[in-house]
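Reading through the C-alpha cells given below for one structure.
Values in this text are rule-based calculations from the coordinates and carry no lab data. Keep in mind that this is a model prediction, so the values were computed, not measured. Reconstructed Cβ throughout: ideal geometry from the backbone, glycine too, with neighbour counts over all protein chains shown.
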Amino acid sequence: MLKKGSKLYSVLNNKCPQCHEGDFFVHRCTLKLKNNLKIHEKCVVCGLKYMIEPSFFYGAMYVSYALTVALAVAIFVIGYLLHLGLMASFIAIFVLLIALNPLIMRISRLIYINMFVQYRKKSA
C-alpha cells in the first residue's frame, strides 16, 4: 500500500505523481510558512510539468475543504467520546485546524495532482 507506484506513496512522501522519485515541493519542511506551497516548475527526474494549466491548484481548495471537515468531525467525535464539553470540543477543533493548516494545504495539493496524473514505471 505504501510501495512506490501507489498514490498514497506520492502523497505521504511529497514525490512526483508520475515517477515517484522527484520532490514535489521545493522545501521539505512545512514550518517555513512563506515557502510552504512553493513547488518545482517540473520534476527533475521525469520532466512532468506540475502546473498543468494556469490556476490548476485552485481545485485543491475543494480537497482541502473535505480534509478539514473530516478532521473537524473526527476531533468532535473524539471529544464526545472523552466527554468534553461542547465549547472544549470547538476550541480543540479550532486550535488543531489552525496548527495543521500548512500540512493540510500541502497534502491537498498532492492529492489533487494525483487525481489527474498516473504513475508511470520507468522502463529500463
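Helix 86-116 sits at what angle to the longest principal axis of the chain, using alpha carbons and giving 0 to 90 degrees rounded to 10?
Tilt of helix 86-116: around 10 degrees.
Describe numerically, in nm with one decimal, the distance between label points set 7 Å from Cα along Cα→Cβ at residue 100 and at residue 65.
For residue 100 paired with residue 65, the spin-label model returns 1.9 nm.
So which cysteines of the chain have no other cysteine's Cβ under 4.7 Å from theirs?
29
What does the charge add up to near residue 122, with Lys and Arg as +1, Asp and Glu as -1, over the other residues with Cβ less than 14 Å from its Cβ?
Taking every Cβ under 14 Å from that of residue 122, the sum is +3.
Fewest to most neighbouring Cβ within 10 Å: what's the order for 37, 31?
31, 37
Starting from 0.36 nm per residue, how many nanometres of slack lie between residue 58 and residue 35 once their C-alpha separation is accounted for?
6.5 nm
Over the chain, what lengths in whole Å, largest first, do the semi-axes of the equivalent ellipsoid take, defined as the square roots of 5 times the eigenvalues of the alpha-carbon gyration tensor?
In descending order the semi-axes read 32, 15, 12 Å.
Taking the 0 to 90 degree range and rounding to the nearest ten, how far is the long axis of helix 60-81 tilted relative to the main principal axis of the chain, both from C-alpha atoms?
Once rounded, one gets 30 degrees.
At 0.36 nm per residue, minus the direct Cα-Cα distance, what do residue 90 and residue 122 gain on full extension? Give it in nm, one decimal, please.
Gain on stretching residue 90 to residue 122: 6.8 nm.
Show which lysines lie in cross-link reach of residue 3 when reach means a straight Cα distance below 16 angstrom and same-chain residues fewer than eight apart are skipped.
15, 121, 122
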